[in-house]
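S.K.: I am attaching a structure below and will ask some questions about it afterwards.
The values are calculated or read from the model by the stated rules, or taken from the named source; none is laboratory data. Computed from a predicted model, the values in this text were never measured in an experiment. For neighbour counting, all protein chains shown are included, and Cβ atoms are generated from backbone atoms with ideal geometry for every residue, glycine included. These accessible areas exclude ligands, DNA and RNA; they are computed on the full protein's heavy atoms, side chains included. Shrake-Rupley method; radii C 1.70, N 1.55, O 1.52, S 1.80 Å.
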Amino acid sequence: MGVKAALPRYELYLYNVVLCLATLWAAKWIFDVSSSNSNRKSFKSSVQPGWYYSGRKMDTADVEWMMWFSTFREHIIFALSGHVIFGKICSLLAPQYRSLVFMVYGVLAVWSSMGWAYVMLILSHCVLLYSISLVKLRWLCFTAGLSTLATFKMEPFISWQAGFVTGGFELRPLLFYAGCGFTIMRCMSFALENCERKDGNYSILELLKYNFYLPFFYFGPIMTFDKFYVQANNPNLTRKDGEMWNISIQALLHLGVIIIVAVLLHFMYILSIPSDMKLLKHISDWALVGLAYLNLLYDWVKAAVMFGVINTVSKLDHLEPPTPPKCITLLYVFSEAHFDRGINDFLCKYVYNYLGGKHENILDELIASLCTYGIMALWLGPGWVVFIWAFLNCFGLNFELWTVKFFTMEPFISIEMAISDSMSRRIRAVFNTFNFWTIVLYNVLALNSLEFAKLVAKRLLLKGFPFTTITVMFVTYCLIQLIKEKERRQALIDDPDPIPPPPPPPPAPVTAPTSTDPSSIQMDTTAVQPTETSKHKAE
(Lines give C-alpha, C1' and ligand atoms only; values in the text may rest on other atoms or scores of the structure.)
Protein backbone atom coordinates (compact mmCIF):
# COMPACT_ATOMS: atom_id res chain seq x y z
CA MET A 1 0.00 0.00 0.00
CA GLY A 2 1.02 3.62 -0.39
CA VAL A 3 3.00 3.09 -3.60
CA LYS A 4 0.79 5.51 -5.50
CA ALA A 5 -0.56 7.44 -2.54
CA ALA A 6 -0.25 11.19 -3.07
CA LEU A 7 0.52 13.69 -0.31
CA PRO A 8 -0.74 17.27 -0.18
CA ARG A 9 1.31 19.65 -2.29
CA TYR A 10 2.07 21.99 0.62
CA GLU A 11 3.47 19.03 2.58
CA LEU A 12 5.89 18.22 -0.23
CA TYR A 13 6.90 21.89 -0.43
CA LEU A 14 7.71 21.80 3.28
CA TYR A 15 9.87 18.71 2.82
CA ASN A 16 11.79 20.40 0.00
CA VAL A 17 12.45 23.54 2.02
CA VAL A 18 13.62 21.62 5.09
CA LEU A 19 15.92 19.42 3.05
CA CYS A 20 17.50 22.33 1.18
CA LEU A 21 18.12 24.34 4.36
CA ALA A 22 19.61 21.34 6.17
CA THR A 23 21.92 20.53 3.25
CA LEU A 24 23.19 24.10 3.01
CA TRP A 25 23.69 24.27 6.77
CA ALA A 26 25.75 21.07 6.88
CA ALA A 27 27.77 22.13 3.81
CA LYS A 28 28.58 25.47 5.46
CA TRP A 29 29.93 23.69 8.55
CA ILE A 30 32.14 21.41 6.46
CA PHE A 31 33.34 24.36 4.35
CA ASP A 32 34.27 26.32 7.48
CA VAL A 33 36.15 23.34 8.96
CA SER A 34 38.00 22.81 5.66
CA SER A 35 38.96 26.47 5.31
CA SER A 36 40.23 26.89 8.86
CA ASN A 37 42.21 23.63 8.94
CA SER A 38 43.78 23.45 5.45
CA ASN A 39 47.29 23.75 6.93
CA ARG A 40 46.92 21.12 9.64
CA LYS A 41 49.90 18.84 10.05
CA SER A 42 47.71 15.74 9.62
CA PHE A 43 46.62 17.03 6.18
CA LYS A 44 50.14 17.53 4.89
CA SER A 45 50.13 14.46 2.65
CA SER A 46 46.49 14.55 1.54
CA VAL A 47 45.74 18.26 1.03
CA GLN A 48 47.95 19.50 -1.78
CA PRO A 49 48.12 22.75 -3.81
CA GLY A 50 45.19 22.82 -6.17
CA TRP A 51 44.36 24.82 -9.27
CA TYR A 52 46.45 27.97 -9.38
CA TYR A 53 43.58 30.34 -10.17
CA SER A 54 41.43 28.88 -7.35
CA GLY A 55 43.78 30.07 -4.63
CA ARG A 56 42.94 27.00 -2.52
CA LYS A 57 44.39 23.61 -1.75
CA MET A 58 42.75 20.42 -2.99
CA ASP A 59 41.81 17.23 -1.15
CA THR A 60 43.85 14.49 -2.85
CA ALA A 61 43.27 11.72 -0.29
CA ASP A 62 41.53 9.44 -2.81
CA VAL A 63 44.40 7.87 -4.77
CA GLU A 64 42.01 6.16 -7.16
CA TRP A 65 40.25 9.38 -8.21
CA MET A 66 43.55 11.22 -8.63
CA MET A 67 44.93 8.33 -10.70
CA TRP A 68 41.98 8.39 -13.09
CA PHE A 69 41.48 12.11 -13.52
CA SER A 70 44.82 13.72 -12.70
CA THR A 71 48.02 11.72 -12.38
CA PHE A 72 47.57 9.08 -15.10
CA ARG A 73 44.64 10.40 -17.10
CA GLU A 74 46.79 10.79 -20.25
CA HIS A 75 47.81 7.12 -20.09
CA ILE A 76 44.21 5.98 -19.57
CA ILE A 77 42.88 8.19 -22.36
CA PHE A 78 45.61 6.95 -24.71
CA ALA A 79 44.91 3.26 -23.97
CA LEU A 80 41.11 3.57 -24.27
CA SER A 81 41.34 5.75 -27.39
CA GLY A 82 43.53 3.14 -29.09
CA HIS A 83 41.03 0.47 -28.16
CA VAL A 84 38.15 2.44 -29.68
CA ILE A 85 40.08 3.28 -32.89
CA PHE A 86 41.27 -0.26 -33.58
CA GLY A 87 37.85 -1.66 -32.69
CA LYS A 88 36.13 0.76 -35.06
CA ILE A 89 38.49 -0.08 -37.93
CA CYS A 90 37.93 -3.78 -37.42
CA SER A 91 34.16 -3.32 -37.15
CA LEU A 92 34.17 -1.62 -40.56
CA LEU A 93 36.53 -4.03 -42.35
CA ALA A 94 36.00 -7.41 -40.67
CA PRO A 95 33.26 -7.28 -38.01
CA GLN A 96 33.36 -11.05 -37.52
CA TYR A 97 36.86 -10.70 -36.04
CA ARG A 98 36.27 -7.71 -33.80
CA SER A 99 36.23 -9.70 -30.53
CA LEU A 100 39.57 -11.22 -31.55
CA VAL A 101 41.02 -7.76 -32.21
CA PHE A 102 39.78 -6.62 -28.80
CA MET A 103 41.62 -9.55 -27.22
CA VAL A 104 44.89 -8.90 -29.05
CA TYR A 105 44.83 -5.21 -28.19
CA GLY A 106 44.03 -6.02 -24.56
CA VAL A 107 46.92 -8.48 -24.27
CA LEU A 108 49.34 -5.95 -25.77
CA ALA A 109 48.09 -3.19 -23.45
CA VAL A 110 48.46 -5.39 -20.35
CA TRP A 111 51.90 -6.51 -21.51
CA SER A 112 53.09 -2.92 -22.09
CA SER A 113 51.90 -1.79 -18.65
CA MET A 114 52.70 -4.83 -16.50
CA GLY A 115 55.17 -7.02 -18.44
CA TRP A 116 55.09 -10.51 -19.95
CA ALA A 117 55.50 -12.23 -16.58
CA TYR A 118 52.19 -10.75 -15.44
CA VAL A 119 50.50 -11.78 -18.69
CA MET A 120 51.75 -15.35 -18.21
CA LEU A 121 50.47 -15.34 -14.62
CA ILE A 122 47.01 -14.31 -15.83
CA LEU A 123 47.10 -16.93 -18.57
CA SER A 124 48.04 -19.66 -16.09
CA HIS A 125 44.96 -18.89 -13.99
CA CYS A 126 42.78 -18.85 -17.11
CA VAL A 127 44.11 -22.24 -18.26
CA LEU A 128 43.68 -23.73 -14.78
CA LEU A 129 40.06 -22.67 -14.37
CA TYR A 130 39.25 -23.53 -17.99
CA SER A 131 40.54 -27.07 -17.44
CA ILE A 132 38.38 -27.45 -14.33
CA SER A 133 35.33 -26.12 -16.17
CA LEU A 134 35.54 -29.05 -18.60
CA VAL A 135 34.46 -31.35 -15.75
CA LYS A 136 31.16 -29.43 -15.62
CA LEU A 137 30.68 -29.60 -11.84
CA ARG A 138 29.43 -26.34 -10.34
CA TRP A 139 30.75 -27.03 -6.85
CA LEU A 140 34.19 -27.86 -8.22
CA CYS A 141 34.30 -24.68 -10.33
CA PHE A 142 33.25 -22.60 -7.33
CA THR A 143 35.78 -24.28 -5.04
CA ALA A 144 38.61 -23.84 -7.52
CA GLY A 145 37.68 -20.22 -8.27
CA LEU A 146 37.38 -19.16 -4.63
CA SER A 147 40.58 -21.02 -3.73
CA THR A 148 42.42 -19.24 -6.53
CA LEU A 149 41.00 -15.91 -5.38
CA ALA A 150 42.18 -16.69 -1.84
CA THR A 151 45.78 -16.99 -3.08
CA PHE A 152 45.73 -13.23 -3.64
CA LYS A 153 44.56 -12.62 -0.06
CA MET A 154 47.02 -14.63 2.06
CA GLU A 155 50.71 -15.21 2.49
CA PRO A 156 52.99 -16.64 1.15
CA PHE A 157 50.98 -17.01 -2.08
CA ILE A 158 50.37 -13.30 -2.53
CA SER A 159 54.06 -12.36 -2.18
CA TRP A 160 55.12 -15.12 -4.54
CA GLN A 161 52.70 -14.05 -7.25
CA ALA A 162 53.43 -10.35 -6.73
CA GLY A 163 57.09 -11.15 -7.39
CA PHE A 164 56.27 -11.63 -11.06
CA VAL A 165 55.66 -7.89 -11.38
CA THR A 166 58.84 -5.83 -11.22
CA GLY A 167 59.72 -2.23 -11.91
CA GLY A 168 59.00 1.15 -10.39
CA PHE A 169 55.68 1.89 -12.10
CA GLU A 170 53.62 3.60 -9.40
CA LEU A 171 50.35 1.95 -10.40
CA ARG A 172 51.65 -1.60 -10.62
CA PRO A 173 50.50 -2.73 -7.14
CA LEU A 174 46.98 -1.43 -7.82
CA LEU A 175 46.81 -2.87 -11.33
CA PHE A 176 48.23 -6.19 -10.14
CA TYR A 177 45.51 -6.86 -7.57
CA ALA A 178 42.68 -5.37 -9.64
CA GLY A 179 43.57 -7.29 -12.80
CA CYS A 180 44.06 -10.60 -10.97
CA GLY A 181 40.90 -10.26 -8.90
CA PHE A 182 38.65 -9.43 -11.83
CA THR A 183 40.29 -12.17 -13.90
CA ILE A 184 39.36 -14.81 -11.32
CA MET A 185 35.76 -13.59 -11.18
CA ARG A 186 35.47 -13.62 -14.98
CA CYS A 187 36.98 -17.11 -15.14
CA MET A 188 34.44 -18.29 -12.56
CA SER A 189 31.60 -16.85 -14.64
CA PHE A 190 32.95 -18.60 -17.72
CA ALA A 191 33.32 -21.92 -15.87
CA LEU A 192 29.81 -21.78 -14.42
CA GLU A 193 28.30 -20.92 -17.81
CA ASN A 194 30.23 -23.79 -19.36
CA CYS A 195 28.68 -26.10 -16.77
CA GLU A 196 25.23 -25.01 -17.95
CA ARG A 197 26.01 -25.65 -21.61
CA LYS A 198 24.51 -28.95 -22.65
CA ASP A 199 26.23 -29.43 -26.03
CA GLY A 200 30.02 -29.43 -25.88
CA ASN A 201 32.22 -26.75 -24.29
CA TYR A 202 33.18 -23.19 -25.00
CA SER A 203 36.70 -22.87 -26.39
CA ILE A 204 39.54 -21.39 -24.37
CA LEU A 205 39.78 -18.68 -27.02
CA GLU A 206 36.34 -17.43 -25.96
CA LEU A 207 37.58 -17.19 -22.38
CA LEU A 208 40.63 -15.18 -23.45
CA LYS A 209 38.46 -12.84 -25.55
CA TYR A 210 36.22 -12.36 -22.53
CA ASN A 211 39.00 -11.79 -20.02
CA PHE A 212 41.31 -9.54 -22.05
CA TYR A 213 38.66 -7.06 -23.14
CA LEU A 214 40.66 -4.00 -22.02
CA PRO A 215 37.93 -1.61 -20.77
CA PHE A 216 36.79 -4.25 -18.24
CA PHE A 217 40.16 -5.86 -17.49
CA TYR A 218 41.57 -3.70 -14.68
CA PHE A 219 38.62 -1.77 -13.34
CA GLY A 220 35.47 -3.74 -14.18
CA PRO A 221 32.53 -3.77 -14.14
CA ILE A 222 32.00 -7.51 -14.46
CA MET A 223 29.75 -8.54 -17.31
CA THR A 224 28.77 -12.19 -16.95
CA PHE A 225 30.11 -14.42 -19.71
CA ASP A 226 26.74 -15.35 -21.18
CA LYS A 227 25.92 -11.70 -21.92
CA PHE A 228 29.40 -10.85 -23.20
CA TYR A 229 29.51 -13.90 -25.49
CA VAL A 230 26.23 -13.05 -27.20
CA GLN A 231 26.96 -9.33 -27.59
CA ALA A 232 30.63 -9.61 -28.63
CA ASN A 233 29.77 -12.16 -31.34
CA ASN A 234 26.71 -10.36 -32.64
CA PRO A 235 27.25 -9.71 -36.38
CA ASN A 236 24.54 -7.02 -36.46
CA LEU A 237 26.35 -3.78 -35.63
CA THR A 238 23.62 -1.34 -36.58
CA ARG A 239 22.65 1.27 -34.00
CA LYS A 240 19.26 2.48 -32.90
CA ASP A 241 18.07 5.95 -33.82
CA GLY A 242 19.69 8.52 -31.56
CA GLU A 243 22.02 6.00 -29.89
CA MET A 244 25.23 7.89 -30.76
CA TRP A 245 23.62 11.12 -29.57
CA ASN A 246 22.82 9.50 -26.20
CA ILE A 247 26.39 8.16 -25.91
CA SER A 248 27.78 11.65 -26.62
CA ILE A 249 25.50 13.25 -24.05
CA GLN A 250 26.52 10.62 -21.50
CA ALA A 251 30.21 11.35 -22.12
CA LEU A 252 29.68 15.10 -21.72
CA LEU A 253 27.68 14.51 -18.53
CA HIS A 254 30.52 12.49 -17.04
CA LEU A 255 32.99 15.23 -17.97
CA GLY A 256 30.81 17.81 -16.25
CA VAL A 257 30.57 15.69 -13.07
CA ILE A 258 34.37 15.27 -13.03
CA ILE A 259 34.82 19.04 -13.14
CA ILE A 260 32.20 19.62 -10.41
CA VAL A 261 33.82 17.06 -8.09
CA ALA A 262 37.25 18.62 -8.66
CA VAL A 263 35.84 22.05 -7.73
CA LEU A 264 34.15 20.73 -4.58
CA LEU A 265 37.36 19.00 -3.46
CA HIS A 266 38.98 22.45 -3.38
CA PHE A 267 36.43 23.74 -0.91
CA MET A 268 35.35 20.75 1.21
CA TYR A 269 37.97 18.26 2.42
CA ILE A 270 35.48 15.47 3.00
CA LEU A 271 38.10 12.75 2.36
CA SER A 272 40.88 14.03 4.63
CA ILE A 273 38.87 15.24 7.63
CA PRO A 274 37.63 11.74 8.70
CA SER A 275 41.25 10.62 9.18
CA ASP A 276 41.91 13.26 11.88
CA MET A 277 40.11 12.05 15.00
CA LYS A 278 41.29 15.01 17.09
CA LEU A 279 39.65 17.44 14.69
CA LEU A 280 36.47 15.37 14.47
CA LYS A 281 35.93 15.59 18.23
CA HIS A 282 35.70 19.38 18.01
CA ILE A 283 33.35 19.82 15.04
CA SER A 284 29.60 20.12 15.39
CA ASP A 285 27.15 17.24 15.20
CA TRP A 286 25.73 18.61 11.95
CA ALA A 287 29.15 18.75 10.33
CA LEU A 288 29.96 15.21 11.45
CA VAL A 289 26.66 13.76 10.22
CA GLY A 290 26.95 15.64 6.94
CA LEU A 291 30.53 14.45 6.56
CA ALA A 292 29.48 10.81 6.94
CA TYR A 293 26.74 11.18 4.35
CA LEU A 294 28.94 13.10 1.88
CA ASN A 295 31.59 10.38 2.07
CA LEU A 296 29.05 7.83 0.87
CA LEU A 297 27.69 10.24 -1.74
CA TYR A 298 31.19 10.89 -3.05
CA ASP A 299 31.89 7.17 -3.30
CA TRP A 300 28.72 6.70 -5.33
CA VAL A 301 29.66 9.59 -7.64
CA LYS A 302 33.12 8.11 -8.13
CA ALA A 303 31.64 4.71 -8.97
CA ALA A 304 29.09 6.24 -11.34
CA VAL A 305 31.74 8.28 -13.17
CA MET A 306 34.44 5.62 -13.44
CA PHE A 307 32.02 2.88 -14.50
CA GLY A 308 30.28 5.44 -16.70
CA VAL A 309 33.48 6.20 -18.61
CA ILE A 310 34.13 2.49 -19.12
CA ASN A 311 30.50 1.89 -20.09
CA THR A 312 30.66 4.68 -22.67
CA VAL A 313 33.67 3.02 -24.32
CA SER A 314 32.01 -0.40 -24.28
CA LYS A 315 28.83 1.04 -25.82
CA LEU A 316 30.96 2.29 -28.71
CA ASP A 317 31.91 -1.39 -29.13
CA HIS A 318 28.19 -2.30 -29.43
CA LEU A 319 28.05 -3.84 -25.93
CA GLU A 320 25.41 -3.29 -23.25
CA PRO A 321 27.39 -3.12 -19.97
CA PRO A 322 25.83 -3.26 -16.49
CA THR A 323 23.80 -0.16 -15.73
CA PRO A 324 25.21 2.55 -13.42
CA PRO A 325 24.67 2.23 -9.66
CA LYS A 326 21.63 3.71 -8.00
CA CYS A 327 22.28 6.99 -6.22
CA ILE A 328 22.97 6.58 -2.48
CA THR A 329 20.46 9.37 -1.82
CA LEU A 330 17.70 7.10 -3.15
CA LEU A 331 18.64 4.06 -1.04
CA TYR A 332 16.50 3.57 2.03
CA VAL A 333 16.11 -0.22 1.98
CA PHE A 334 18.86 -2.87 2.04
CA SER A 335 17.18 -4.80 -0.75
CA GLU A 336 17.95 -2.03 -3.26
CA ALA A 337 21.38 -0.94 -2.07
CA HIS A 338 24.15 -1.47 -4.62
CA PHE A 339 27.16 0.38 -5.95
CA ASP A 340 28.41 -2.02 -8.63
CA ARG A 341 25.71 -3.78 -10.60
CA GLY A 342 28.33 -5.98 -12.27
CA ILE A 343 29.31 -7.68 -9.01
CA ASN A 344 25.63 -7.60 -8.09
CA ASP A 345 24.64 -9.51 -11.23
CA PHE A 346 27.43 -12.02 -10.69
CA LEU A 347 26.58 -12.86 -7.09
CA CYS A 348 22.83 -12.83 -7.61
CA LYS A 349 22.97 -15.13 -10.61
CA TYR A 350 25.51 -17.64 -9.33
CA VAL A 351 25.02 -17.49 -5.54
CA TYR A 352 21.96 -15.75 -4.14
CA ASN A 353 19.28 -16.74 -6.64
CA TYR A 354 20.77 -20.20 -7.05
CA LEU A 355 20.69 -20.93 -3.30
CA GLY A 356 17.65 -18.82 -2.40
CA GLY A 357 15.27 -20.61 -4.76
CA LYS A 358 11.95 -18.78 -4.88
CA HIS A 359 12.97 -16.50 -1.97
CA GLU A 360 9.99 -17.58 0.11
CA ASN A 361 11.73 -19.52 2.88
CA ILE A 362 13.47 -17.54 5.62
CA LEU A 363 16.11 -20.24 6.18
CA ASP A 364 16.96 -20.39 2.47
CA GLU A 365 17.22 -16.62 2.44
CA LEU A 366 19.59 -16.68 5.41
CA ILE A 367 21.82 -19.33 3.85
CA ALA A 368 21.88 -17.52 0.51
CA SER A 369 22.77 -14.17 2.09
CA LEU A 370 25.45 -15.71 4.32
CA CYS A 371 27.12 -17.34 1.33
CA THR A 372 26.88 -14.11 -0.64
CA TYR A 373 28.50 -12.06 2.09
CA GLY A 374 31.09 -14.77 2.64
CA ILE A 375 32.24 -14.47 -0.98
CA MET A 376 32.18 -10.68 -0.66
CA ALA A 377 34.42 -10.86 2.41
CA LEU A 378 36.90 -12.97 0.45
CA TRP A 379 36.75 -10.57 -2.50
CA LEU A 380 37.42 -7.54 -0.29
CA GLY A 381 40.17 -9.27 1.68
CA PRO A 382 39.55 -10.91 5.06
CA GLY A 383 39.97 -8.54 7.99
CA TRP A 384 38.12 -7.37 11.07
CA VAL A 385 36.64 -4.34 9.35
CA VAL A 386 35.41 -6.49 6.46
CA PHE A 387 33.96 -9.12 8.80
CA ILE A 388 32.14 -6.50 10.89
CA TRP A 389 30.81 -4.81 7.76
CA ALA A 390 29.64 -8.13 6.29
CA PHE A 391 27.95 -9.21 9.53
CA LEU A 392 26.11 -5.90 10.01
CA ASN A 393 24.90 -5.72 6.42
CA CYS A 394 23.86 -9.38 6.40
CA PHE A 395 21.96 -8.86 9.65
CA GLY A 396 20.36 -5.66 8.34
CA LEU A 397 19.21 -7.35 5.16
CA ASN A 398 17.72 -10.38 6.89
CA PHE A 399 16.14 -8.27 9.64
CA GLU A 400 14.52 -6.16 6.94
CA LEU A 401 13.11 -9.28 5.28
CA TRP A 402 11.89 -10.67 8.59
CA THR A 403 10.23 -7.36 9.43
CA VAL A 404 8.42 -7.28 6.09
CA LYS A 405 7.07 -10.78 6.66
CA PHE A 406 6.11 -9.96 10.26
CA PHE A 407 4.07 -6.89 9.31
CA THR A 408 2.19 -8.81 6.61
CA MET A 409 0.60 -10.87 9.40
CA GLU A 410 -2.51 -10.07 11.41
CA PRO A 411 -3.43 -7.72 12.98
CA PHE A 412 -0.96 -5.41 11.17
CA ILE A 413 -2.31 -6.08 7.71
CA SER A 414 -5.86 -5.28 8.86
CA ILE A 415 -4.70 -2.08 10.53
CA GLU A 416 -2.95 -0.93 7.36
CA MET A 417 -6.04 -1.70 5.29
CA ALA A 418 -8.11 0.42 7.66
CA ILE A 419 -5.98 3.56 7.36
CA SER A 420 -5.56 5.74 4.31
CA ASP A 421 -2.85 5.15 1.74
CA SER A 422 -1.21 8.49 2.52
CA MET A 423 -1.01 7.64 6.23
CA SER A 424 0.45 4.24 5.34
CA ARG A 425 3.11 6.03 3.30
CA ARG A 426 3.99 8.30 6.25
CA ILE A 427 4.27 5.39 8.67
CA ARG A 428 6.47 3.43 6.28
CA ALA A 429 8.66 6.50 5.79
CA VAL A 430 9.33 6.62 9.55
CA PHE A 431 10.70 3.07 9.48
CA ASN A 432 12.64 3.81 6.29
CA THR A 433 14.27 6.78 8.01
CA PHE A 434 16.00 4.56 10.55
CA ASN A 435 16.86 2.10 7.80
CA PHE A 436 18.53 4.87 5.82
CA TRP A 437 20.94 5.77 8.59
CA THR A 438 21.61 2.13 9.31
CA ILE A 439 22.80 1.75 5.72
CA VAL A 440 24.90 4.92 6.01
CA LEU A 441 26.58 3.89 9.27
CA TYR A 442 27.29 0.33 8.12
CA ASN A 443 29.00 1.55 4.97
CA VAL A 444 30.85 4.45 6.57
CA LEU A 445 32.60 1.67 8.45
CA ALA A 446 33.89 0.24 5.16
CA LEU A 447 34.77 3.58 3.60
CA ASN A 448 36.65 5.17 6.48
CA SER A 449 37.39 3.40 9.75
CA LEU A 450 35.79 1.73 12.72
CA GLU A 451 36.70 4.72 14.92
CA PHE A 452 34.98 7.20 12.59
CA ALA A 453 31.84 5.05 12.35
CA LYS A 454 31.69 4.71 16.15
CA LEU A 455 32.10 8.47 16.60
CA VAL A 456 29.31 9.24 14.14
CA ALA A 457 26.98 6.71 15.80
CA LYS A 458 27.80 8.05 19.28
CA ARG A 459 27.21 11.69 18.33
CA LEU A 460 24.04 10.89 16.38
CA LEU A 461 22.36 8.50 18.80
CA LEU A 462 23.83 9.11 22.27
CA LYS A 463 25.65 12.36 22.82
CA GLY A 464 23.42 14.32 20.45
CA PHE A 465 20.17 12.88 21.82
CA PRO A 466 17.49 14.19 21.73
CA PHE A 467 18.04 17.37 19.68
CA THR A 468 20.51 16.14 17.05
CA THR A 469 18.87 12.74 16.76
CA ILE A 470 15.36 14.06 16.25
CA THR A 471 16.47 16.85 13.90
CA VAL A 472 18.56 14.57 11.68
CA MET A 473 15.83 11.93 11.59
CA PHE A 474 13.21 14.53 10.64
CA VAL A 475 15.39 15.85 7.80
CA THR A 476 15.94 12.27 6.65
CA TYR A 477 12.19 11.65 6.84
CA CYS A 478 11.69 14.62 4.49
CA LEU A 479 14.23 13.10 2.12
CA ILE A 480 12.48 9.71 2.19
CA GLN A 481 9.12 11.30 1.38
CA LEU A 482 10.61 13.13 -1.60
CA ILE A 483 12.12 9.85 -2.84
CA LYS A 484 8.75 8.15 -2.46
CA GLU A 485 7.11 10.97 -4.39
CA LYS A 486 9.56 10.43 -7.23
CA GLU A 487 8.81 6.68 -7.15
CA ARG A 488 5.06 7.38 -7.09
CA ARG A 489 5.23 9.49 -10.23
CA GLN A 490 7.38 6.91 -11.97
CA ALA A 491 4.94 4.17 -10.96
CA LEU A 492 2.05 6.13 -12.47
CA ILE A 493 3.97 6.44 -15.72
CA ASP A 494 4.89 2.76 -15.82
CA ASP A 495 1.48 1.50 -14.69
CA PRO A 496 -1.50 3.89 -14.86
CA ASP A 497 -3.67 1.35 -13.01
CA PRO A 498 -4.36 2.88 -9.56
CA ILE A 499 -4.25 -0.55 -7.93
CA PRO A 500 -0.64 -1.69 -7.62
CA PRO A 501 0.20 -5.36 -8.22
CA PRO A 502 1.18 -7.60 -5.30
CA PRO A 503 4.88 -7.28 -4.38
CA PRO A 504 7.34 -9.95 -5.63
CA PRO A 505 9.57 -11.94 -3.25
CA PRO A 506 12.27 -9.91 -1.45
CA PRO A 507 15.86 -9.81 -2.73
CA ALA A 508 19.23 -10.04 -1.01
CA PRO A 509 21.79 -7.45 -2.00
CA VAL A 510 25.15 -6.60 -0.49
CA THR A 511 25.51 -2.95 0.41
CA ALA A 512 29.01 -1.73 -0.02
CA PRO A 513 31.09 1.00 -1.60
CA THR A 514 32.69 0.24 -4.93
CA SER A 515 36.21 -0.93 -5.71
CA THR A 516 38.55 -1.45 -8.56
CA ASP A 517 41.12 -2.62 -6.02
CA PRO A 518 39.75 -5.71 -4.31
CA SER A 519 42.77 -5.87 -2.01
CA SER A 520 41.92 -2.65 -0.21
CA ILE A 521 38.71 -2.01 1.70
CA GLN A 522 39.90 1.54 2.36
CA MET A 523 39.94 2.35 -1.34
CA ASP A 524 36.44 1.12 -2.21
CA THR A 525 34.25 -1.93 -2.15
CA THR A 526 31.59 -3.53 -4.30
CA ALA A 527 28.02 -4.37 -3.80
CA VAL A 528 25.30 -6.71 -4.74
CA GLN A 529 21.71 -6.17 -5.64
CA PRO A 530 19.22 -8.84 -6.68
CA THR A 531 17.94 -9.24 -10.17
CA GLU A 532 14.76 -7.57 -11.28
CA THR A 533 12.81 -10.82 -11.07
CA SER A 534 13.44 -11.10 -7.35
CA LYS A 535 13.25 -7.41 -6.50
CA HIS A 536 11.06 -6.25 -3.65
CA LYS A 537 10.25 -2.61 -3.72
CA ALA A 538 9.92 -2.03 0.01
CA GLU A 539 8.74 1.31 1.08
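S.K.: Going by the conditions given, is THR408 at pLDDT below 90, surrounded by fewer than 13 Cβ atoms within 10 Å (Cβ to Cβ) and not basic (Lys, Arg)?
M.R.: Yes: the conditions hold for THR408.
S.K.: Just to confirm my filter: which helices (runs of 4 or more DSSP H) fall fully inside the stretch 405-472 and include at least 2 residues that are closer than 30 Å to ASN361 by Cα?
M.R.: 412-418, 421-447
Conditions tested, residue by residue: (1) closer than 24 Å to THR403 by Cα; (2) out of contact with any Gly (no Cβ under 6 Å at 6 or more places or on another chain); (3) open to solvent by 10 Å² or more (accessible area, probe 1.4 Å).
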position: LYS302; (1), (2), (3): no, yes, no
position: PHE307; (1), (2), (3): no, yes, yes
position: ILE310; (1), (2), (3): no, yes, no
position: VAL313; (1), (2), (3): no, yes, yes
position: ASP317; (1), (2), (3): no, no, no
position: LEU330; (1), (2), (3): yes, yes, yes
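Results for (1) at pLDDT below 90; (2) hydrophobic (A, V, I, L, M, F, W, C); (3) over 27 Å from GLU485 (Cβ atoms), shown as yes or no for each residue.
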| site | (1), (2), (3) |
| --- | --- |
| ALA6 | yes, yes, no |
| TYR10 | no, no, no |
| LEU14 | no, yes, no |
| ARG40 | yes, no, yes |
| TRP51 | yes, yes, yes |
| MET66 | yes, yes, yes |
| ILE76 | yes, yes, yes |
| VAL84 | no, yes, yes |
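S.K.: Further question: Does LYS198 qualify as being outside any helix (DSSP H, G or I) and open to solvent by less than 70 Å² (accessible area, probe 1.4 Å)?
M.R.: no
S.K.: I need a count of the residues in the stretch 460-474 that are under 23 Å from ASN16 (Cα atoms) and open to solvent by 20 Å² or more (accessible area, probe 1.4 Å).
M.R.: The qualifying residues number 5.
S.K.: Separate question: Can you find, within the stretch 309-323, the residue that is nearest to SER248 (Cα to Cα) among those that are in a helix (DSSP H, G or I) and out of contact with any Pro (no Cβ under 6 Å at 6 or more places or on another chain)?
M.R.: THR312
Condition check ((1) under 20 Å from PHE72 (Cβ atoms); (2) surrounded by fewer than 16 Cβ atoms within 10 Å (Cβ to Cβ); (3) at pLDDT 95 or above) across all residues:
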| site | (1), (2), (3) |
| --- | --- |
| THR148 | no, no, no |
| GLY168 | yes, yes, no |
| TYR218 | yes, no, no |
| ASN233 | no, yes, no |
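S.K.: Right, next: So how many residues does the stretch 98-117 have that are touching a helix residue (DSSP H, G or I) at 6+ places or on another chain (Cβ under 7 Å), open to solvent by less than 60 Å² (accessible area, probe 1.4 Å) and more than 17 Å from TYR229 (Cα to Cα)?
M.R.: Residues meeting the conditions: 6.
Yes or no, residue by residue, for (1) of a type in the set (Phe, Trp, Tyr); (2) touching a residue at least 40 places away in the same chain (Cβ under 8 Å); (3) more than 15 Å from TYR218 (Cα to Cα):
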residue	(1), (2), (3)
GLY87	no, yes, yes
TYR105	yes, yes, no
TRP111	yes, no, no
GLY115	no, yes, no
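S.K.: Is it fair to say GLU365 is more than 30 Å from LEU19 (Cα to Cα), crowded, with 22+ Cβ neighbours inside 10 Å and over 17 Å from the mean Cα position of the chain (by Cα)?
M.R.: Criteria met by GLU365.
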